[in-house]
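The values are calculated or read from the model by the stated rules, or taken from the named source; none is laboratory data. Worth saying up front: this structure is predicted, and the values here are computed from it rather than measured. Here the Cβ positions follow ideal geometry from the backbone for every residue, glycine too, while neighbour counts run over all protein chains shown.
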Amino acid sequence: MYNKKIGFTIGKFAPLHKGHQFLIETALKEMDKLYIIVYETDLIDIIVEKRANWIKILYPQVEILIAKKPPKKYGLDKESVEIQMKYLINILGDVKPTHFYSSEPYGKYVAQYLHIVDRRVDNDKTVIPICATDIRNNIEKYKDMIPEFIYNELKMKNKKDKNHH
């Protein structure tokens, strides 16, 4: 009997960049189904549904789950992991993943908690050396690291924001 390989990953995708895309594309090659949980955040002034839609435009085959009002407590200590995991399990609902995809140290904890495979992709960020913080801090310098339609959207938004001040 063949067991379906069901992967999932989480993120703010603020903004979606080539590192995220590399992780998603790796997971899509290896899994039968991929779920992506998109977290609400105030790191970027773009609503979670819009960021989720960016992913859906590029990867229509993925299932998107929206994570509203995530816990404020973060960290790799036992209590923080417990709080985050209870929240995550609630978001997953009936989804029974077999693999967790990430490029972050917390991947180990998520996978252990759920008793699934910890699949790290570009953990040291050597294949695609970028993080969303760098992009948010200097969109022009890193514009080649984000899809053109997202860059254009962010530029338009920045123009509108400047005009309103």
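For Ile57, the test of being part of a helix (DSSP H, G or I) and surrounded by fewer than 16 Cβ atoms within 10 Å (Cβ to Cβ) is passed.
Can you pull out every residue in the range 32-54 that is in a loop (DSSP other than H, G, I, E, B) and in contact (Cβ under 8 Å) with a residue 60 or more places away in the chain? If you could, list the steps in order and put the result at the bottom.
Filtering the range 32-54 down to residues in a loop (DSSP other than H, G, I, E, B) leaves 32, 40-47.
If the condition is that a residue be in a loop (DSSP other than H, G, I, E, B) and in contact (Cβ under 8 Å) with a residue 60 or more places away in the chain, then Leu43, Ile44, Asp45, Ile46 are the ones that fit.
Just checking, which of Asp124, Asp77, Asp161, Asp118 is acidic (Asp, Glu) and touching a helix residue (DSSP H, G or I) at 6+ places or on another chain (Cβ under 8 Å)? Talk me through it step by step, then tell me what you get.
Numbers: Asp124 fails: touching a helix residue (DSSP H, G or I) at 6+ places or on another chain (Cβ under 8 Å); Asp77 fails: touching a helix residue (DSSP H, G or I) at 6+ places or on another chain (Cβ under 8 Å); Asp161 fails: touching a helix residue (DSSP H, G or I) at 6+ places or on another chain (Cβ under 8 Å).
Asp118 is the lone residue from the list that is acidic (Asp, Glu) and touching a helix residue (DSSP H, G or I) at 6+ places or on another chain (Cβ under 8 Å).
Within the range 111-134, being more than 15 Å from the chain's Cα centre (by Cα) and assigned to a helix (DSSP H, G or I) holds for Ala111, Gln112, Tyr113, Leu114, Asp134. For the range 81-131, a residue qualifies if it is in contact with a Phe, Trp or Tyr (Cβ under 8 Å, 6 or more places away or on another chain) and small (Gly, Ala, Ser), and the qualifying residues are Gly107, Ala111.
Of the candidates Ile130, Ile139, the single residue that is crowded, with 16+ Cβ neighbours inside 10 Å and within 17 Å of Ile55 (Cβ to Cβ) is Ile130. Looking only at residues in the range 1-49 that are of a type in the set (Phe, Trp, Tyr) and surrounded by fewer than 18 Cβ atoms within 10 Å (Cβ to Cβ), the one that is farthest from Val62 (Cα to Cα) is Tyr2. Among the residues of the range 112-141, those identified as closer than 23 Å to Asn3 by Cα, in contact (Cβ under 8 Å) with a residue 12 or more places away in the chain and not acidic (Asp, Glu) are Tyr113, Leu114, Ile116, Val117, Arg119, Arg120, Val121.
Does the range 1-20 hold any residues that are touching a helix residue (DSSP H, G or I) at 6+ places or on another chain (Cβ under 9 Å) and farther than 17 Å from Lys50 by Cβ, and which are they? Before you say what the answer is, go through the steps one by one.
Pass one, the range 1-20, residues touching a helix residue (DSSP H, G or I) at 6+ places or on another chain (Cβ under 9 Å): 5, 7-20.
Once the filter is applied, which keeps residues that are touching a helix residue (DSSP H, G or I) at 6+ places or on another chain (Cβ under 9 Å) and farther than 17 Å from Lys50 by Cβ, the range 1-20 yields Lys5, Gly7, Phe8, Thr9, Ile10, Lys18, Gly19.
Just one of the listed residues (Lys96, Lys73) is of a type in the set (D, E, K, R) and at pLDDT 95 or above, namely Lys96. Residue pairs whose Cβ atoms lie under 9 Å apart, sitting 6 or more positions apart in sequence or on different chains, and linking a residue in the range 87-102 that is closer than 17 Å to Ala27 by Cβ to a partner that is at pLDDT 95 or above and of a type in the set (S, T, N, Q), are Phe100/Thr9; Tyr101/Thr9; Tyr101/Thr26; Ser102/Thr9.
Go through the range 61-89 residue by residue and tally those that are farther than 13 Å from Tyr39 by Cβ, assigned to a helix (DSSP H, G or I) and out of contact with any Lys or Arg (no Cβ under 9 Å at 6 or more places or on another chain).
Total meeting the criteria: 6.
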